[in-house]
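Below is one structure, written out as structure tokens; the observations come after it.
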């Protein structure tokens with residue numbers, strides 16, 4: 001049971017809060033509606049093992065009769081960090097800049113009406129950016145890039161992009177396009193989308209897959225979920241590194257433990273389930289927490305021991321000492337749980353203190369799983385001082401009003417991990433997965449040893465125990481490029497745990513471009529949590545702002561600003577104002593609508609010049625109908641004529657078609673073209 005993962009920076013990918021697409025709130029009080037109309041959405045998800053880069057391209061329409069400013073608001077998931085934001089004015093593409101200032105508030109008082117609803121909708125990690133002078137009938141385009149991690153359990157990776165925006169959007173948008181591109185070092189065995197099974201498989205190999213989902217006149221009424229499974233019969237790693245001139249070398253290390261099987265040799269467990277039954281946990285929160293503990297009890301083996309601690313304003317144990325996990329004790333524990341009712345106040349510190357007192361040695365894997373809102377203050381250094389036997393504290397935040405920062409730090413410095421669910425978002429299968437992993441420890445006292453002397457700022461500070469069927473990550477910085485080795489060391493059931501892997505600390509600034517972002521995200525999360533719990537200091541504030549500006553990731557003190565000066569692509573001066581080196585793009589077509597031919601205009605970056613490059617045309621059902629090979633084109637702006645026919649020389653029927661730029665099997669972007677006869 002013990003440490004699953006940890007956190008001062010190990011984010012266990014399992015936050016279940018519902019998020020969805022962006023909105024634009026007009027600032028003009030005379031605007032005829034609460035929001036600009038959502039016209040279309042294109043979501044591209046680039047998955048690299050455990051990492052997801054989500055690119056959200058959205059179009060909105062000013063349905064009023066006058067110009068209006070508007071605030072673009074996006075409900076960024078709690079475990080995500082934004083990387084960059086693009087926006088358009090007419091056909092000119094701009095990139096938003098980060099400045100040290102508060103985010104733009106949504107129009108209104110914030111105490112009622114649409115402003116309050118949108119603020120509640122986007123949540124604490126929401127992104128807001130003001131857009132200026134949106135003309136009547138103008139299509140306002142916005143593109144957001146953000147980084148997050150996939151959930152992982154027993155060989156299965158899962159990703160969610162909630163699209164359910166029925167709270168605000170009760171009409172069909174013109175078009176919805178979702179592209180998922182997966183690359184993995186492991187053998188890929190299965191993939192799919194249970195939420196949108198009508199997807200098209202573009203390509204599939206042992207280590208990659210590409211799918212596309214396309215629908216016209218779509219309701220944004222169901223979340224998009226994608227999964228893929230891999231072979232993982234032993235500990236496997238994904239190692240990324242990049243070395244930049246400005247910030248030095250960064251690495252990110254993801255490791256997956258072997259799957260849970262009937263023959264798996266695990267360590268014995270000593271576990272205390274700690275349950276808050278204060279008035280904060282009234283109703284469904286208490287009931288669901290009790291059910292989760294029941295699930296955990298059923299995963300215990302007879303060699304395990306357990307107890308239950310309750311706390312409200314005071315704390316007490318079910319039994320005076322840990323109990324053997326036999327059927328009799330488990331049944332009695334379940335009966336005890338079923339008779340629990342709510343008490344008064346909340347003293348989390350007291351509950352944790354008496355739970356830690358249950359452990360007397362490190363002969364087993366020691367764990368505490370605490371179900372709480374986290375709203376009770378806790379002297380975390382004091383709890384850490386009581387943790388004398390390497391006990392992992394797993395914090396499960398219950399409800400929508402949860403002190404996430406407190407629980408993240410508490411678990412982070414005590415070799416644990418965090419998990420969250422709310423009354424409306426309780427998912428039994430996810431809770432079962434969590435409890436199953438916590439009850440299957442395979443090694444404790446984990447340490448990472450690098451054959452390299454210049455590793456620094458390594459996160460997390462404390463490494464968690466290893467649990468079967470789980471996924472963990474570390475990140476850090478280095479100074480010199482070197483191909484070397486690292487070891488994961490610990491104590492297993494009957495022997496020492498040793499696994500050795502190769503690590504390429506590259507000198508390349510292009511390879512594994514997310515390694516620096518992953519480290520910066522971890523560092524910034526840690527500082528944000530410390531500020532929220534212990535208060536702001538000049539040192540913490542300055543450090544966070546510096547990280548934000550250097551790595552281009554928004555924090556609580558910075559905001560994305562649309563200044564309409566940072567031009568990326570301009571229709572007027574395309575050949576002089578070129579996009580950055582990594583940004584190849586299919587710009588537009590003319591004429592549009594067309595008959596019988598149209599010219600496609602595109603830009604190829606220097607980095608992509610030598611790669612295989614294809615323009616693919618799909619019908620509205622997502623079926624590929626034609627391909628134009630543009631691999632011979634060098635960097636710069638180019639045009640190519642599409643003759644309006646399919647593979648077989650048949651003229652296209654009237655309608656909307658999708659044109660995508662594919663470079664080295666990655667979809668750069670997609671535009672719509674219209675044939676009219």
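Read-outs: derived from the displayed coordinates by stated rules, not from any lab. All of these numbers come straight from a predicted model, not from anything done at the bench. Cβ: placed from backbone, ideal geometry, glycine included. Neighbour counts: every protein chain shown.
Overview of values
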quantity: Cα→Cβ-extended label distance, 7 Å offset, between residue 222 and residue 33, nm; calculated: 2.4
quantity: Relative packing of peptides 173-186, 329-342 - highest average C-beta neighbours within 10 Å first; calculated: 173-186, 329-342
quantity: Sequence of 23, 544, 448 once ranked by neighbouring C-beta atoms within 10 Å, starting from the fewest; calculated: 448, 544, 23
quantity: Rg(Cα)/(2.2 N^0.38 Å) for the stretch 432-477, N = residue count; calculated: 1.38
quantity: Radius of gyration, Dmax [the chain; alpha carbons; angstrom]; calculated: 26.3, 83
quantity: For the stretch 407-449: span of alpha carbons on each principal axis (Å, largest first); calculated: 42, 24, 14
quantity: For a label point 7 Å along the Cα-to-beta-carbon line of residue 484, residues of the stretch 455-470 with backbone N under 14 Å; calculated: 455-458
quantity: Acute angle (nearest 10 degrees) that the helix 515-534 long axis makes with the longest principal axis of the chain, alpha-carbon atoms; calculated: 60
quantity: 606, 558 arranged by Cβ crowding within 10 Å, fewest neighbours leading; calculated: 606, 558
quantity: Prolate/oblate/rounded label for the stretch 483-530 (Cα gyration tensor, a/c 1.5); calculated: oblate
quantity: Prolate/oblate/rounded call for the stretch 578-675, Cα gyration tensor, a/c under 1.5 rounded; calculated: prolate
quantity: Rel. contact order, % - alpha carbon contacts under 8 angstrom, at least six apart, the chain; calculated: 16
quantity: Chain lengthening between residue 457 and residue 360 when straightened (0.36 nm per residue, less Cα-Cα); calculated: 31.7 nm
quantity: FRET E, pair residue 90, residue 621, Förster distance 35 Å, beta-carbon r, rounded to 0.05; calculated: 0.70
quantity: Sorted peptide list for 528-539, 355-366, criterion being average Cβ within 10 angstrom, highest first; calculated: 355-366, 528-539
quantity: Between the stretch 183-231 and the stretch 247-308, the alpha-carbon center distance in angstrom; calculated: 29
quantity: Protection proxy ranking, peptides 652-661, 252-261, 268-277, average beta carbon neighbours within 10 Å, highest first; calculated: 268-277, 252-261, 652-661
quantity: Exposure proxy ranking, count of Cβ atoms within 10 Å, fewest first, for 394, 306, 450; calculated: 450, 306, 394
quantity: CD proxy at 222 nm, helix term only [per DSSP H run n ≥ 4: -39500 (n - 2.57); per residue of the chain; nearest 500]; calculated: -5000 deg cm²/dmol
quantity: Using alpha-carbon coordinates, inclination of helix 428-438 to the longest axis of the chain, degrees; calculated: 60
quantity: Net lengthening on full extension, residue 295/residue 377 (0.36 nm per residue, minus Cα-Cα); calculated: 26.7 nm
quantity: Between the stretch 454-512 and the stretch 73-133, the Cα center-to-center distance that results, in Å; calculated: 36
quantity: Percent of beta bridges antiparallel (DSSP, the stretch 578-675, rounded to nearest 5); calculated: 95
quantity: 0 to 90° range, to nearest 10: angle between helix 538-551 axis and the chain longest Cα axis; calculated: 40
quantity: Contour minus Cα-Cα distance for residue 494 and residue 282 (0.36 nm per residue); calculated: 71.9 nm
quantity: Prolate/oblate/rounded call for the stretch 200-270, Cα gyration tensor, a/c under 1.5 rounded; calculated: oblate
quantity: Between the stretch 353-417 and the stretch 649-677, the alpha-carbon center distance in angstrom; calculated: 54
